[in-house]
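Worksheet for the structure shown next.
Since every read-out is calculated from the coordinates, none of them should be taken as a lab result. Keep in mind the model is a prediction, meaning the values are calculated, not measured. Counting neighbours? That spans all protein chains shown, and the Cβs are built from the backbone with ideal geometry, glycine included.
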Amino acid sequence: MNSRSLPVILLLFSLSACTNGGNKKVTPPRTKRAHDLKLIEGNSEFSLSLYKQLSREPGNLFFSPYSISSALAMTYKGAKGKTASQMKKTLCFQLESDALHKGFAGLGDDFADAGKRDDLDLTVANALWGQKGYKFLPEFTGSLKKNYQAGFQELDFKVATEPSRKTINDWVSKKTNGLIKDLLKPGIIKPDTRLVLTNAIYFKGQWETAFTKSRTADEDFYVSKSKTVKVPLMNQSKEEFKIAYGAGLKMLELPYKGQMSMLVLLPDEKDGLGKVEAQLSPAMITELLKKAYKTEVRLALPRFKLTEELSLRKTLTAMGMPVAFGAKADFSGIDGTKELKISEVVHKAFVDVNEEGTTAAAATAVVMAEKASAAESFRADHPFIFIIRDQLSGTILFMGRVADPSK
């Protein structure tokens, strides 16, 4: 399957605004720690900004903003000067360094607690992979161990380049229950690689009200205003869900057992996805959540499975952090020198939505090298956006767009 042939985006963050673009600030849903609010605001803004960048290409799209942001936040710990300021602005980090990393630690604790419950399977893992014999600052590795539970392992990228790549890929596969394989393609790890920072996330949730398989049937899905394809549509009726109208769309909240839910943003018009995407913002979603009310819904939702592979170097450069990838990069907080730069940021994500629930996984690697080197109707039968979120904190775990579920 062509990874760009399926339109979905996967995010791991929350709902509110950064200081970019003059958006009004919106307070996200309640959370335990005050510093988490600022973190979630920034993560939400980055999530939707990244979505808008990636959605410029046609087709399905799926990614985990939380995975990407976590891996880059670990990298940011070692950034200095202009490198740090560009990363902070691009990633919408609103907190100073210590508070930021404590915020990620807090979210990590929350997700670890959530993953221990019987009704939800959620795992988030981080790791550092450093060149054997290379001197990394204890302050850097110690902070990532404390705040991200990121263990440090030495590999020999110089001599054992391919075995090192396989070791990291095997770790990612294990942490995602085998759903994310070969995150690092041949050629990404090179003899001049000095550090790889990885994040992996796995989610499996059961619908609070499962779909009955016998009611799933092949029906028309409008890939454009005039063209349809046959796809399996799952059906429910006489069940109550939260629904909201506005901004040229209707939004449905489909809860999982536990504290997570999926938001489906369905344009009013068959060809209205572009208009909805143009105005997509944390403030818009927060406003829809405020207006949502519970009512009986006749629901039709496609069963779909999506895979995405992304190289984010050009995207992040375009979003405002080019220095981190070039000769002037300053990551002296990692090793005490200015010899390191980011050579690549790679991301891979998978989601399977079916009658029982949703299974999703994603992984991100930041590769660093030395320089030089009555019942209402909700019928999702045309392109739509979906978001998997933590209802407690408002954190968006995954986000996607389904343009053609037959692909």
(message) I need the phi-derived Karplus couplings for the range 226-237: 6.51 cos²θ - 1.76 cosθ + 1.60, θ = phi - 60°, integer Hz, Gly and Pro marked x.
(response) 10, 10, 10, 10, 8, 9, x, 9, 7, 10, 9, 9
(message) Using alpha carbons only, how many angstrom separate the centre of the range 131-154 from the centre of the range 189-251?
(response) 37 Å
(request) Take the alpha carbon gyration tensor of the range 129-175, find the square roots of its eigenvalues, order them as a ≥ b ≥ c, and report rounded if a/c is under 1.5; if not, report prolate when a/b exceeds b/c, else oblate. (result) oblate
(request) Using θ = phi - 60° and the Karplus relation 6.51 cos²θ - 1.76 cosθ + 1.60, list the HN-Hα couplings for the range 152-158 in order, rounded to whole Hz, with x at every Gly or Pro. (result) 10, 10, 7, 10, 10, 5, 5
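Give me the net charge of E355's neighbourhood, meaning all other residues with Cβ under 10 Å from the Cβ of E355; Lys, Arg count +1, Asp, Glu -1. Numbers along the way, then the final one.
On the way: positive: K213, R215, R303; negative: E356.
Combined, the nearby Lys, Arg, Asp and Glu give +2.
Just to confirm a number: summing +1 for Lys and Arg and -1 for Asp and Glu over residues other than V172 whose beta-carbon lies under 12 angstrom from that of V172, what do you get?
Numbers: positive: R165, K166, K174, K175, K181, K348; negative: D170, D182.
Result for the neighbourhood of V172: +4.
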(request) Just check the range 260-331 against the gyration tensor rule for me: Cα atoms, a ≥ b ≥ c as the square roots of the eigenvalues, rounded for a/c under 1.5, and otherwise prolate or oblate depending on whether a/b exceeds b/c. (result) prolate
(request) Please list, in chain and number order, the residues 5+ apart from A150 or on another chain whose amide H is under 5 Å from its amide H, with Hs placed from the backbone. (result) K145
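Computed over the Cα atoms of the chain, what is the ratio Rg over Rh, Rh following Kirkwood? Each step should come with its number before you reach the end.
On the way: Rg = 20.8 Å, Rh = 21.4 Å.
Here Rg/Rh amounts to 0.97.
Determine, for I243, I396, I180, the number of other Cβ atoms within 10 Å of each Cβ, and report the residues in order from fewest to most.
Working: I243 22, I396 29, I180 26.
Ordered by Cβ neighbours within 10 Å, fewest first: I243, I180, I396.
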(message) Please rank D390, D119, fewest neighbouring Cβ atoms within 10 Å first, as an exposure proxy.
(response) D119, D390
(request) Output the peptides 331-341, 213-223, 120-130 sorted from most to least packed, where packing is the average of other Cβ atoms within 10 Å over each peptide's residues. (result) 120-130, 331-341, 213-223
(request) Could you work out how far the C-alpha centroid of the range 99-120 sits from that of the range 332-407, in angstrom? (result) 17 Å
(request) Distance from a point 7 Å along Cα→Cβ of D119 to each backbone N in the range 292-306: keep the residues under 19 Å and list them by number. (result) 294-295
(message) Expected output is a single nm value to one decimal: the length gained when fully extending between D192 and A278, i.e. 0.36 nm times separation in residues minus the C-alpha distance. What is it?
(response) 26.9 nm
(request) Quick one: which residues, 5 or more positions from F63 or on another chain, have an amide H under 5 Å from its amide H? H modelled 1.01 Å from N in the peptide plane, none for Pro or chain starts. (result) I9, L10, L11, M399
(request) Would you tally the net charge around E296, using a Cβ to Cβ cut-off of less than 13 Å, leaving E296 out, and scoring K and R as +1, D and E as -1? (result) +1
(message) Rounded, prolate or oblate for the range 93-168? Axes are the square roots of the Cα gyration tensor eigenvalues, ordered a ≥ b ≥ c, and the cut-off for rounded is a/c under 1.5.
(response) oblate
(request) Calculate, for R215 and V159, the FRET efficiency according to 1/(1 + (r/R0)^6) with r their C-beta to C-beta distance and R0 45 Å; round to the nearest 0.05. (result) 0.20
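With respect to the cross-link table entries K158/K371; K116/K204; K38/K242; K52/K290; K102/K341; K38/K328, which display a Cα-Cα separation exceeding 18 Å? Don't jump to the answer; show the numbers that get you there.
Working: K158/K371 15 Å; K116/K204 12 Å; K38/K242 27 Å; K52/K290 24 Å; K102/K341 25 Å; K38/K328 30 Å.
Violating the 18 Å limit, Cα to Cα: K38/K242; K52/K290; K102/K341; K38/K328.
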